[in-house]
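None of the figures in this text is laboratory data; all of them are computed from the coordinates on show. Treat the numbers as computed from the prediction; the structure is a model and nothing was measured. Because the Cβ atoms are built from the backbone with ideal geometry, glycine has one as well, and the counts that use them run over all protein chains shown.
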Amino acid sequence: MENFAIAIHGGAGTILKSAMTPEKESAYRNILEASLKGGEKILKEGGSAIDAVQESVRIMEDSPLFNAGKGSVFTHDKDHELDASIMEGKERRAGAVAGVKQIKNPILLCREILEKSEHVFLLGSGAEDFATSQGMELVEKNYFHTEFREKQLMEIIDTGKTQLDHSDKAVKKYGTVGAVALDMNGNLASATSTGGITNKRYGRVGDTAIIGSGTYAENGVCAVSGTGWGEYFIRTVAAYEIAALMKYGKLSLQDACDQFVHQTIPNIGGDGGVIAIDSQGSICMPFNTEGMYRGMANSKGERRIEIYS
C-alpha cells in the first residue's frame with residue numbers, strides 16, 4: 001500500500017484525568033475516533049490530503065465538545081466569532097476566515113476561498129457574503145449556543161478578563177481543533193478551526209486564521225496545525241517556524257517540533273502544542289501542557305488516540 005498518514009488534535013491545556021468523568025472521556029474519545037476515521041478513510045481510498053484534513057476538522061466542528069463550530073465559546077457581547085484556515089502543500093494555496101458568525105463549518109468556507117477566490121483571507125461579514133455567493137447556507141446564530149459555553153462566559157463577563165477554553169475554573173483547555181495529513185501522492189495539507197477565547201472583545205483574532213502561525217503546509221517539508229495561546233503563536237509565526245527549522249536548519253520533524261514547543265514558546269511565556277507531519281509520514285504531537293486531545297493513523301496500521309501526557 002502507498003504511504004499515507006494523518007494526525008488530529010482537539011486542543012491542549014490543563015486536561016487532567018482526575019477532573020474527567022468516564023462518560024466525558026468516552027465522549028471525547030468517540031469524537032476523536034470519528035474525526036480520525038473520517039480523514040483516514042479518504043486517504044485509504046487514494047483521496048487527497050486536503051480532503052482528509054477538511055473532513056477531520058469538519059467532524060470536530062460539528063461536535064459541541066470542542067471550541068470550534070458548534071461548541072464555540074461566547075464573546076463579551078454574547079456572540080460567536082469563528083476563525084479557521086486550510087492549506088495544501090503542493091502549490092501552497094490557502095484559504096482563511098476570521099470573525100464569521102453564521103458559518104456552520106468555517107473550514108468548508110476556507111476551502112471555498114482556496115478553490116474559488118483570488119484571495120486567501122476573508123473577514124467577518126465579507127467572508128459570509130462570499131459564502132452566500134458560493135451557495136453556502138448561513139445558520140442562525142443560536143446554532144452555536146450551548147449552556148456550557150454560556151456558563152463559562154457568565155463566570156467572567158464582568159471581570160474584564162478573557163479566558164482560554166476550559167472545563168472548570170481549575171481546568172483550562174485551548175480548544176482549537178486541527179488536522180494534518182500526507183496522501184499517497186506525497187501531498188501534505190493542514191487545517192485548523194476555533195471559536196477563539198471566552199469573553200474576547202474588539203474583534204480579537206488568534207493564530208488559527210493566520211497562515212504560517214496556526215496552519216502551514218509545504219510539500220517536501222511538513223504540515224503543521226497548532227493549538228495554544230494564540231498571541232504567542234502569532235508572535236513566533238509558529239507553524240512556519242517549525243517548517244523553517246526543518247528546511248533551513250536541517251532539523252528532523254521531531255527536533256523542530258520539540259525545539260519550538262519546549263523552548264521557543266515557553267521562553268517567551270506561552271504554552272500549547274502542535275501536530276505535524278513530514279513528507280515521509282512521520283508524525284509528531286508534542287505539547288507543554290498537562291494534556292492535548294490528539295490522535296494519529298497511518299498506512300502501516302499504527303493508530304492511537306490520546307488525551308493526557
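If each residue's Cβ is checked for other Cβ atoms within 10 Å, how do Tyr248, Tyr293, Tyr216, Tyr143 rank with the fewest at the top? Kindly include the intermediate steps, with their values, before the conclusion.
Details: Tyr248 9, Tyr293 28, Tyr216 32, Tyr143 15.
Starting with the residue having the fewest Cβ neighbours, the order is Tyr248, Tyr143, Tyr293, Tyr216.
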Return the distance in nm (one decimal) between the two label points of a simple spin-label model at Arg93 and Thr146, each offset 7 Å from Cα along Cα→Cβ. 3.3 nm
Radius of gyration, Dmax [the chain; alpha carbons; angstrom]: 17.5, 57
Can you give me the span-like helices of the chain, meaning DSSP H runs with 24 Å or more of Cα extent along the axis and Kyte-Doolittle mean at or above -1.0? 22-44
From the helices alone, meaning DSSP H stretches of at least four residues, give me the mean residue ellipticity at 222 nm for the chain, per-run term -39500 (n - 2.57), in deg cm²/dmol to the nearest 500. -9000 deg cm²/dmol
Restricting to bridges with both residues inside the chain, how much of the DSSP beta-bridge set is antiparallel, in percent to the nearest 5? 95 percent
Please rank Val261, Val224, fewest neighbouring Cβ atoms within 10 Å first, as an exposure proxy. Val261, Val224
